[in-house]
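Report on the following structure.
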Amino acid sequence: MKTGKFLFASTIFIAFACLIYWLHITFFRVDVVFYSAIVDGILAALATSAIVWRCKTFALFGAFEKSQMLLIWLLTAYALAISVPTVLDRSLSFYILEKLQQRGGGIQESRFAVVFTQEYLEEHRLVDVRLTEQLQSGTIRIDHGCVLLTPKGERLASFSRFFRTHLLPKKRLLMGQYTDDLTNPFRASAPEVDYTCK
């Protein structure tokens, strides 16, 4: 009995999450897709929880169980926000599939660097999107044409470098060869560049 009621309430949550997300992206401004999807999921979880707390149909659940249901929906909202709109918005893998489809189903392997540098960056306004996300996250600031790390950005960059160096696979398959190249992608960077801010 309780399982059926929980599944029914969860169906309401999913319906609310989809409806709120659609209303948000259709009629309101969105600064960062991930953050807005999280807010939409939280609103859906709270709305469903309000129904569960007030509706007699769910009276068989105790306060602790209702709180657990809210927690489950919040975690589900987070998972949905990352797994669907954020992945589709950011994913280079999906871009490759869409680009192959756009170009008739096939692209020469040797030309993918050109596709990424000349088409992907422009078509997805990748620089604008990522700088906007970092500005909204408070990890960078832009001062007189220079993009600068904030203290929060410094901490996140240090964490990311530590994790990449020590906790990413040392033998990762890349085009038929196992390598640790992505644990230190800067090892092949040019030693001197002319784009730093003095």
All positions within the range 54-64 that are in contact (Cβ under 8 Å) with a residue 40 or more places away in the chain, open to solvent by less than 60 Å² (accessible area, probe 1.4 Å) and hydrophobic (A, V, I, L, M, F, W, C) | PHE58, PHE61
If we keep just the residues of the range 85-131 that are exposed (fewer than 13 other Cβ atoms within 10 Å of the Cβ) and among the β-branched types (Val, Ile, Thr), which is nearest to the chain's Cα centre (by Cα)?
-> VAL127
With ALA81, ALA77 as the choices, which residue is in contact (Cβ under 8 Å) with a residue 60 or more places away in the chain, open to solvent by less than 40 Å² (accessible area, probe 1.4 Å), under 30 Å from ILE140 (Cβ atoms) and in contact with an Asp or Glu (Cβ under 8 Å, 6 or more places away or on another chain)?
-> ALA77
Which of the residues belonging to the range 22-37 are touching a residue at least 40 places away in the same chain (Cβ under 8 Å) and not hydrophobic (A, V, I, L, M, F, W, C)?
-> ASP31, TYR35
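So, in the range 102-146, of the ones that are part of a strand (DSSP E or B) and without any contact (Cβ under 8 Å) to a residue 24 or more places away in the chain, which residue ends up farthest from SER91 (Cα to Cα)?
The extreme case among them is ASP143.
Before we move on, is ALA9 closer than 18 Å to GLU65 by Cα, open to solvent by less than 40 Å² (accessible area, probe 1.4 Å) and either free of Cβ contacts under 8 Å to residues at least 40 places away in the same chain or not in a helix (DSSP H, G or I) (or both)?
So ALA9 does not fit the description; no.
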Any chance you could count how many residues in the range 164-183 are open to solvent by 70 Å² or more (accessible area, probe 1.4 Å), in a helix (DSSP H, G or I) and under 27 Å from PHE112 (Cβ atoms)?
-> 2
Note on ILE51: of the conditions (1) among the aliphatic types (A, V, I, L, M); (2) surrounded by fewer than 18 Cβ atoms within 10 Å (Cβ to Cβ); (3) assigned to a helix (DSSP H, G or I); (4) under 23 Å from the mean Cα position of the chain (by Cα), unmet is (4)
How many residues, within the range 30-73, are among the small types (Gly, Ala, Ser) and more than 30 Å from VAL129 (Cα to Cα)?
-> 7
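Here's the yes/no breakdown for (1) touching a Pro at 6+ places or on another chain (Cβ under 9 Å); (2) within 27 Å of LEU88 (Cβ to Cβ); (3) surrounded by fewer than 12 Cβ atoms within 10 Å (Cβ to Cβ):
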position: ILE14; (1), (2), (3): no, yes, no
position: LEU19; (1), (2), (3): no, yes, no
position: ARG29; (1), (2), (3): no, yes, yes
position: VAL32; (1), (2), (3): no, yes, no
position: VAL39; (1), (2), (3): no, yes, no
position: ALA44; (1), (2), (3): no, yes, no
position: LYS66; (1), (2), (3): no, no, no
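The values are calculated or read from the model by the stated rules, or taken from the named source; none is laboratory data. Because the structure is predicted, anything quoted here is derived from the model rather than measured. No Cβ is skipped: glycine too gets one built from the backbone with ideal geometry, and neighbour counts run over all protein chains shown. For accessibility, only protein heavy atoms count, side chains too; no ligands or nucleic acids. Shrake-Rupley method; radii C 1.70, N 1.55, O 1.52, S 1.80 Å.
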